[in-house]
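Student: The structure that follows is given in the form of structure tokens.
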Amino acid sequence: MAAKSQSAKYYASHPEARKKKAEYDTKLNQRPEQVKKRTESNQKRSDARKKGQNIQGKDYDHAVNRFVKSSTNRGRAGEGGRKKK
């Protein structure tokens, strides 16, 4: 099992902060663009599994329209994953 990140440790020991973050996350994830992204990702994952692709440990990257390692996809700066030109 992986070690907890600093933020995970913080939220585990601060219930009031965890509650506030949960409320924020709920609001964020209800935005239409987030719902669209999530449903698109779920559909892409389903399609990839049906084709027999190995997508374990990968996320669908909306910027490049393919599956990439989770660490690559989540490690980019800013929402949307790419800096604006």
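Student: Filter the stretch 13-40 for residues that are small (Gly, Ala, Ser) and surrounded by 11 or more Cβ atoms within 10 Å (Cβ to Cβ) and give the result.
Tutor: Matches in the stretch 13-40: ALA17, ALA22.
Student: Within the stretch 62-85, restricting attention to residues that are at pLDDT 65 or above and part of a loop (DSSP other than H, G, I, E, B), which residue is surrounded by the most Cβ atoms within 10 Å (Cβ to Cβ)?
Tutor: Ranking the candidates gives HIS62 first.
Student: Among all residue pairs at least 6 apart or on different chains, which show Cβ distances below 6 Å where the first residue, located in the stretch 30-56, is within 17 Å of ARG66 (Cβ to Cβ) and the second is in a helix (DSSP H, G or I)?
Tutor: ILE55/ALA48
The values are calculated or read from the model by the stated rules, or taken from the named source; none is laboratory data. Bear in mind the structure is a predicted one, so any value in this text is a computation, not a measurement. Cβ: placed from backbone, ideal geometry, glycine included. Neighbour counts: every protein chain shown.
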